[in-house]
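The values are calculated or read from the model by the stated rules, or taken from the named source; none is laboratory data. Values in this document were obtained by computation on a predicted structure and should not be read as measured data. Here the Cβ positions follow ideal geometry from the backbone for every residue, glycine too, while neighbour counts run over all protein chains shown.
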């Protein structure tokens, strides 16, 4: 009985960890200014840049004239 429990617990742990085994790319939140919808002024347009390492994403953001924001929330 105890052996079956540990076998099932091990399989459950492997199934959950197996999906996360690949290294995740760190997302950098970048905002640039774009013309407003009404044509008067500017508004921010924010998006995520997934790069590895994260400093590459920061460099890309700065190269296109963007500003770095707080990291995006994890979904």
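Filtering region 51-64 to residues that are surrounded by 13 or more Cβ atoms within 10 Å (Cβ to Cβ) and closer than 9 Å to residue 26 by Cα leaves 51, 54, 57. Among the residues making up region 10-52, those that are modelled with pLDDT of 85 or more and assigned to a loop (DSSP other than H, G, I, E, B) are 36, 37, 38, 40, 41. Against the numbered list (1) under 17 Å from the mean Cα position of the chain (by Cα); (2) in a helix (DSSP H, G or I); (3) at pLDDT below 65, residue 58 comes up short only at (3).
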